[in-house]
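Structure record follows, encoded as structure tokens.
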Amino acid sequence: RGKRAFIAGVADDNGYGWAIAKALAAAGAEILVGTWVPALNIFETSLRRGKFDESRRLPNGSLMEIAKVYPLDAVYDTLEDVPEDVKTNKRYAGSSNWTVKEVAECVKNDFGTIDILVHSLANGPEVTKPLLETSRRGYLAAISASSYSFVSLLQHFLPIMNPGGASVSLTYIASERTIPGYGGGMSSAKAALESDTRVLAFEAGRKGQIRVNTISAGPLGSRAAKAIGFIEKMIDYSYTNAPLQKELLADEVGHTAAFLVSPLASAVTGSIIYVDNGLNTMGLAL
Ligand code: NAD
């Protein structure tokens, strides 16, 4: 039987989530995605109109099929958590069942089980502010969208994950080294995500024989990264200073994710795997 993957955090064909979906599809997995509610319409329209057809192409020449796109807002666990102004917001009122609990229920009803859970989402409303200027609300929003969202997804999907399955998330080295400009509590959120990777690897390993790892990825000019404002500088910095002086491709992160969730990595759990051309190993740039 082929494996089934749910990938949270795909809303265009530029980010790591898309590249991971492609790598998993190329390896024969069935692909379900969770798309942020405000981005759902444009993503589905673009998909339908063939805007992504070139980037849907897999190494064997076929096009990646997405079995189903689920609306998702990973900062809400249940319908009861959703504030009135969001419920009635035009972009949200048009879809339903997009809280984490509801999405997991829908996936269960539609497909029964999954094997692979991918978390490729982050959001920090004050990311452009230094930590010293970040509000409590902005900091907690970053943690909620970027860290707890993974706890919640795993919590709700674990009961429908087949034993031997695996999950993977995306992190960034700003969790462990100071990266000026990656603000708003996003560095804190990634530190939480990495710590949670270890604790959840233990808990999900014992509870459901599920592996939990995270990929610490180098800089990519995704939509989310462009919102931070200095991504081109980070890409240039990496090119100049990393052991491997080459562009970092989203597909390279996709391939590593495919490895990590495959039986080839059956003894790897609770780990942070760097996919950054080796930049993290440098102490002094030359
Ligand atoms: P991206 O824009 O492709 O992905 C981020 C996604 O998160 C978007 O699709 C967005 O719609 C979604 N999202 C935001 N808030 C959400 C919510 N509340 N509920 C559901 N979805 C929500 O950008 P990306 O850079 O590929 O980001 C994917 C992951 O990779 C993130 O965790 C990011 O921190 C991480 N990462 C990115 C870089 C980089 O340089 N781009 C480096 C290291 C790690």
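The residue list 149, 238, 216 contains one member that is open to solvent by less than 20 Å² (accessible area, probe 1.4 Å), part of a helix (DSSP H, G or I), among the small types (Gly, Ala, Ser) and touching a strand residue (DSSP E or B) at 6+ places or on another chain (Cβ under 8 Å), which is 149. In this structure, does residue 93 turn out to be within 19 Å of the chain's Cα centre (by Cα) and either modelled with pLDDT of 95 or more or open to solvent by 50 Å² or more (accessible area, probe 1.4 Å) (or both)? The answer is no for residue 93.
So, of the residues in segment 203-248 that are out of contact with any helix residue (DSSP H, G or I) (no Cβ under 8 Å at 6 or more places or on another chain) and basic (Lys, Arg), which turns out to be farthest from residue 156 (Cα to Cα)? Only one residue fits best here, namely 233.
In segment 133-153, the residues that are over 18 Å from residue 172 (Cβ atoms) form Cβ pairs under 8 Å with partners that are within 10 Å of the ligand (Cβ to nearest atom), at six or more places apart or across chains, as follows: 152/74; 152/100; 153/8; 153/74; 153/100; 153/119. It is to be established whether one or more residues within segment 91-100 are within 10 Å of the ligand (Cβ to nearest atom), touching a helix residue (DSSP H, G or I) at 6+ places or on another chain (Cβ under 9 Å), in contact (Cβ under 8 Å) with a residue 60 or more places away in the chain and within 18 Å of residue 9 (Cα to Cα). Yes, the conditions are met somewhere in segment 91-100.
Take the conditions (1) open to solvent by less than 30 Å² (accessible area, probe 1.4 Å); (2) under 22 Å from residue 6 (Cα atoms); residue 124 misses just one of them, which is (2). In segment 120-142 there is at least one residue matching the filter, namely being touching a strand residue (DSSP E or B) at 6+ places or on another chain (Cβ under 6 Å) and within 15 Å of the ligand (Cβ to nearest atom). Being surrounded by fewer than 17 Cβ atoms within 10 Å (Cβ to Cβ) and part of a loop (DSSP other than H, G, I, E, B) is the filter; apply it to segment 152-180 and report the residue that is nearest to the chain's Cα centre (by Cα). That would be 176.
In the set 196, 251, only one residue is in contact (Cβ under 8 Å) with a residue 24 or more places away in the chain, surrounded by fewer than 20 Cβ atoms within 10 Å (Cβ to Cβ), within 18 Å of residue 9 (Cβ to Cβ) and touching a Ser or Thr at 6+ places or on another chain (Cβ under 8 Å); that residue is 196. The strands (runs of 3 or more DSSP E) found wholly in segment 1-79 and carrying at least 3 residues that are within 9 Å of the ligand (Cβ to nearest atom) and either buried (at least 22 other Cβ atoms within 10 Å of the Cβ) or in contact (Cβ under 8 Å) with a residue 40 or more places away in the chain (or both) occupy 30-36.
Being open to solvent by 20 Å² or more (accessible area, probe 1.4 Å), free of Cβ contacts under 8 Å to residues at least 60 places away in the same chain, within 12 Å of the ligand (Cβ to nearest atom) and within 25 Å of residue 21 (Cα to Cα) is true of residue 232.
The values are calculated or read from the model by the stated rules, or taken from the named source; none is laboratory data. If you're wondering where the values come from, they're calculated on a predicted model, not measured in any experiment. So basically every Cβ, Gly included, is an ideal-geometry build from the backbone, and we count neighbours across all protein chains shown. Calculation scope for accessible area: heavy atoms of the full protein, side chains included, ligands and nucleic acids excluded. Shrake-Rupley method; radii C 1.70, N 1.55, O 1.52, S 1.80 Å.
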